[in-house]
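Engineer: Below you'll find the structure I mean.
The values are calculated or read from the model by the stated rules, or taken from the named source; none is laboratory data. Worth saying up front: this structure is predicted, and the values here are computed from it rather than measured. Glycine gets a Cβ as well: all are built from the backbone with ideal geometry, and neighbour counts include every protein chain shown.
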Amino acid sequence: MAGGNSNRKKLLLMGRSGSGKSSMRSIIFSNYSAFDTRRLGATIDVEHSHVRFLGGMTINLWDCGGQDVFIDNYFSTQRDNIFRLAEVLIYVFDVEAWKKGDPKKDIDTYLNCLRHLKEYSPASKVFVLAHKLDLINSTDREETYNGIVNKLVELSAPYEMDISYFGTTIWDESLYKAWSNIVCELIPNMGVFQKQLKNFAEISDAKEIVLFEKTTFLVISHVALNGESEEELDPKRFEKISNIIKTYKQSCNKMRSQFSWLALHGANCSAYIDTLTTNTYIMVVMPRVDEEHTEEGQNALIMGNIRSARDWFEKVELMEV
Amino acid sequence: MSHGTFSNDSTVVASSENLDRPKILLMGLRRGGKSSICNVVFHNMQPLDTVFLESTSRPTSELIRSLVDFTVSEMPGQINVLDDNYDKARLFENVGSLVYVVDSQDEYLYTLSNLVDIIEAVYPEYPSINFEILIHKVDGLSDDFKGDTARDIRQRVTDDLLDLGLDGVKSFFHLTSIFNHSIFDAFSLIIQKLIPEVPTLRNMLDILCEHTGLEQAYLFDINSKLFVASDNTSSSGVGGASMEHFADFIDISVDLDNLYFESSSTSVTSSSETNADQNNNNTLLNGNKAAGPSALTTQSNSTSKKGLSPSHPRPLKCVSKLANGTTLYLYQMIRGLAIVALTRKEGPHRMALVDYNLEKFRLGLERVWPVA
Ligand SMILES: Nc1nc2c(ncn2[C@@H]2O[C@H](COP(=O)(O)OP(=O)(O)OP(=O)(O)O)[C@@H](O)[C@H]2O)c(=O)[nH]1
Ligand SMILES: Nc1nc2c(ncn2[C@@H]2O[C@H](COP(=O)(O)OP(=O)(O)O)[C@@H](O)[C@H]2O)c(=O)[nH]1
Ligand SMILES: [Mg+2]
């Protein structure tokens, strides 16, 4: 499967105009902050972006402008071009617009997408993002989200597609959770990554290990050594970490440099974040050393382990194992 | 400076209401940005959320705990403090700094005459007060215009004071905006003037840098991300990207620590709850749905709101390396402070040395400010 074309993954990003498609694309792939998205204008026709990803893979993102004129074209003259060879469709609903207005047209467009996808790329996977949740009063948020999802589950059932649902907003880490799931869908050898990380955790006696894609800082995989501690921790920590580090990376860029590594010794944990392979970062969470030991010893050990794991993970990434 | 002494004895501080604690008094016409500044600097509010703030109608006062405790009071613009009925003594006693906010995007002539009136009334009786004039909201001005405006304001105020024969006034001007780091830089400088130990701290930081091979070292207040002291060579370089980067570095350290702080599952949720509450307030204030970023926890620094747990068993430490060879260190000190230091030198033993010296520094601080 190492052929040229199979390494291009076509992702369709669709939804009505103003729903937030270009905003999320810019945040995840182009280092925009949420504030920066206010500058974006409506997308004209389709904007393509190509992002290098793990294992020589290229993500080919089709950001399809959502104004009626364009959408009409997607379903008529351009339909072959748009829907053929798609791996993933990400459909973005603006929850506020749904709640305030009549969502019928938006739903029709969505179902139309499903129908075309079913015809041209039947094996593709669909992600529905109920977006701009921040605009819904926090007490109604869950109910609104569930209402939308239930409705869509019901309406899309006849198409028998593989569909996942996420509630998102650019103003918190929920966006990272959704996109982490989307890109993980594209990585064929996830199981191997998982297994290698587990090994690494055992060798290093780590509490937790998280693997990130380098440019997006999306979480690709994580393992915890002993499951018990996991329950006490914040279940949203992975997407939060993506968000936290991404903000810090932007800060490093403002210093006209790039983030390289970080070692943190906190209340009862130490965390090490370092480059693993060309396309990944790793975070290793260790118990903090006791008073008699120095952090330096642990530093040396973990940084050493990361260094020796590099070659191996490089192979995993290129699917050579 | 004569701002009284600082009690190390917390019980004394707690029981005596208005005493020797230095006071920062915020004044200026309404809608100038006073409440916004307080909320952004001392409560980690997101700048955009300040549009939801209601106009303040009564004087407010709050206690800020840091290296030294101080109070920040806001005097609403519509109150005329020069009115004879107003108890000036009560208002200006203990004031270390009078921060006057000038909205640079607005017609400011009247504002400046109000400022000069205040100085004229206050200065003769309280000559030690620092008059800190914020030329505020400069984010809305083009670079050229910003310079012209600042010059114009400074010139007018200085001329007016001279005309009145007030030539000893301690007045300082700062260009600020809540939409960038400038407000933090300005407040750092304002607060430093109120801490009599700052020269000592600077010398301590100088020695630290010299013996540890550090290029810059700052003593930051973790919660507000103001710095209370810097080494003597860095002090000239206030502003610029690096101060903001240091603040971001504090954020990432505290945020990551909070995520893996074992009892944190409770503290994390509680923080997001407070956030949600605050946002509901916004919603209520406006009578409609919160727009924009107000409704959710926003970006990374939202989690830093709670800062570090006071029972943090061991000092929080963080080291980060940039691709250009810069290494940043953070080392938690006492009273919610941390040292943030920068070096560009490499050295295999450097880390242990930095650790050792920073620990010594912490013990030194503990000697000056014993833990209660
Ligand atoms: N409150 C809120 N606003 C958002 C969110 N996501 C995006 N926006 C705003 O929505 C506006 C429109 O976003 P775009 O990303 O340009 O919308 P689009 O889907 O690409 O629109 P077309 O290109 O016309 O199809 C921008 O001003 C964004 O800042 C969100 O989660 N919450
Ligand atoms: N552009 C800009 N607006 C600001 C700035 N600081 C405050 N504001 C806005 O000014 C308005 C009035 O602020 P407020 O704090 O209520 O003023 P106060 O009456 O002096 O307390 C609010 O809408 C703020 O969002 C700033 O630095 N730049
Ligand atoms: Mg767009």
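Okay, residues lined up against (1) free of Cβ contacts under 8 Å to residues at least 60 places away in the same chain; (2) surrounded by 20 or more Cβ atoms within 10 Å (Cβ to Cβ); (3) touching a Ser or Thr at 6+ places or on another chain (Cβ under 9 Å); (4) within 14 Å of another protein chain (Cβ to nearest Cβ):
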site: A:I163; (1), (2), (3), (4): yes, no, yes, no
site: A:F166; (1), (2), (3), (4): yes, yes, yes, no
site: A:L175; (1), (2), (3), (4): no, yes, yes, yes
site: A:V183; (1), (2), (3), (4): no, yes, yes, no
site: A:N189; (1), (2), (3), (4): no, no, no, no
site: A:V192; (1), (2), (3), (4): no, no, no, no
site: A:K198; (1), (2), (3), (4): yes, no, no, no
site: A:D205; (1), (2), (3), (4): no, no, no, no
site: A:V210; (1), (2), (3), (4): no, yes, yes, yes
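Engineer: Let me ask something else about it. Can you name the residue in region A:36-67 that is without any contact (Cβ under 8 Å) to a residue 12 or more places away in the chain and away from ligand 2 (no atom under 16 Å from the Cβ) and is also nearest to the chain's Cα centre (by Cα) among such residues?
Structural biologist: Start the filter on region A:36-67 by keeping residues that are without any contact (Cβ under 8 Å) to a residue 12 or more places away in the chain, which leaves A:36, A:38-39, A:41, A:50.
Within this subset, residues satisfying the condition of being away from ligand 2 (no atom under 16 Å from the Cβ) are A:36, A:39, A:41, A:50.
Values: A:D36: 19, A:R39: 23, A:G41: 23, A:H50: 15 Å.
This residue is A:H50.
Engineer: Any residue at all in region A:146-158 that's among the β-branched types (V, I, T) and farther than 24 Å from A:W98 by Cα? Write out each step before concluding.
Structural biologist: Taking region A:146-158 as the starting set, the residues that turn out to be among the β-branched types (V, I, T) are A:148-149, A:153.
Those still in the list that are farther than 24 Å from A:W98 by Cα too: none.
Looking through region A:146-158, none of the residues is among the β-branched types (V, I, T) and farther than 24 Å from A:W98 by Cα.
Engineer: Give region A:30-64 a look and list any residue that's more than 15 Å from ligand 1 (Cβ to nearest atom) and either in a helix (DSSP H, G or I) or away from chain B (no Cβ under 14 Å) (or both), or say none. Spell out how you get there, then give the answer.
Structural biologist: The initial filter retains those residues of region A:30-64 that are more than 15 Å from ligand 1 (Cβ to nearest atom), namely A:31, A:50-60.
Passing the criteria: A:H50, A:V51, A:R52, A:F53, A:L54, A:G55, A:G56, A:M57, A:T58, A:I59, A:N60.
Engineer: List every residue pair whose Cβ atoms lie under 8 Å apart, where the two residues are 6 or more positions apart in sequence or sit on different chains, the first residue falls within region B:162-180 and is at negative phi, and the second residue, located anywhere, is of a type in the set (A, V, I, L, M, F, W, C) and assigned to a loop (DSSP other than H, G, I, E, B).
Structural biologist: Qualifying pairs under 8 Å: B:K170/B:I129.
Engineer: Let me ask another. Here are some residues: B:D144, B:D152, B:D159. Which one is out of contact with any helix residue (DSSP H, G or I) (no Cβ under 7 Å at 6 or more places or on another chain), without any contact (Cβ under 8 Å) to a residue 24 or more places away in the chain, surrounded by 14 or more Cβ atoms within 10 Å (Cβ to Cβ) and farther than 19 Å from B:S36 by Cβ?
Structural biologist: Values: B:D144 fails: surrounded by 14 or more Cβ atoms within 10 Å (Cβ to Cβ); B:D159 fails: surrounded by 14 or more Cβ atoms within 10 Å (Cβ to Cβ).
After ruling out the rest, the residue left standing is B:D152.
Engineer: Also: Under 19 Å from B:I250 (Cβ atoms), in a helix (DSSP H, G or I) and away from ligand 2 (no atom under 16 Å from the Cβ): does that describe B:L219? Steps first, please.
Structural biologist: On the way: under 19 Å from B:I250 (Cβ atoms): yes; in a helix (DSSP H, G or I): no; away from ligand 2 (no atom under 16 Å from the Cβ): yes.
For B:L219, the condition - under 19 Å from B:I250 (Cβ atoms), in a helix (DSSP H, G or I) and away from ligand 2 (no atom under 16 Å from the Cβ) - is not met.
Engineer: For region B:229-248, give me each residue that is hydroxyl-bearing (S, T, Y), at pLDDT 80 or above and not in a helix (DSSP H, G or I). First the steps, then the outcome.
Structural biologist: First, pick out the residues of region B:229-248 that are hydroxyl-bearing (S, T, Y): B:230, B:233-236, B:242.
Within this subset, residues satisfying the condition of being at pLDDT 80 or above are B:230, B:242.
If the condition is that a residue be hydroxyl-bearing (S, T, Y), at pLDDT 80 or above and not in a helix (DSSP H, G or I), then B:S230 is the only one that fits.
Engineer: Among residues belonging to region B:249-264 that are part of a helix (DSSP H, G or I), at the interface with chain A (Cβ under 7 Å from one of its Cβ atoms) and out of contact with any strand residue (DSSP E or B) (no Cβ under 6 Å at 6 or more places or on another chain), point out the one that is modelled with the lowest pLDDT. Explain how you work it out, then say what you get.
Structural biologist: Within region B:249-264, the first condition is being part of a helix (DSSP H, G or I), and the residues that meet it are B:249-260, B:264.
Still in the running and at the interface with chain A (Cβ under 7 Å from one of its Cβ atoms): B:252-253, B:255-257, B:259-260, B:264.
Of the ones still in play, those that are also out of contact with any strand residue (DSSP E or B) (no Cβ under 6 Å at 6 or more places or on another chain) are B:252, B:255, B:257, B:259, B:264.
Details: B:I252: 94, B:D255: 91, B:D257: 89, B:L259: 87, B:S264: 38.
Of everything passing the filter in region B:249-264, B:S264 is modelled with the lowest pLDDT.
Engineer: Let me ask something else. So which residues in region A:41-86 are of a type in the set (A, V, I, L, M) and crowded, with 17+ Cβ neighbours inside 10 Å, if there are any at all? Steps first, answer last, please.
Structural biologist: Residues of region A:41-86 of a type in the set (A, V, I, L, M): A:42, A:44, A:46, A:51, A:54, A:57, A:59, A:61, A:69, A:71, A:82, A:85-86.
Within region A:41-86, A:V46, A:V51, A:L54, A:M57, A:I59, A:L61, A:I71, A:I82, A:A86 qualify.
Engineer: Can you list residue pairs whose Cβ atoms sit under 6 Å apart, with the first residue in region A:12-26 being in the same structural domain as A:Y91 (by the TED database) and the second being more than 6 Å from ligand 1 (Cβ to nearest atom) and hydroxyl-bearing (S, T, Y)? Count only pairs 6 or more apart in sequence or on different chains.
Structural biologist: What qualifies is A:M14/A:Y91; A:G15/A:Y91; A:S26/A:Y32.
Engineer: Hey, which of the strands (runs of 3 or more DSSP E) in region A:207-278, taking only ones fully inside, have at least 1 residues that are of a type in the set (F, W, Y)? Don't jump to the end; show me each part of the working.
Structural biologist: On the way: elements: A:208-213, A:219-224, A:259-265, A:269-277.
Qualifying strands (runs of 3 or more DSSP E): A:208-213, A:259-265, A:269-277.
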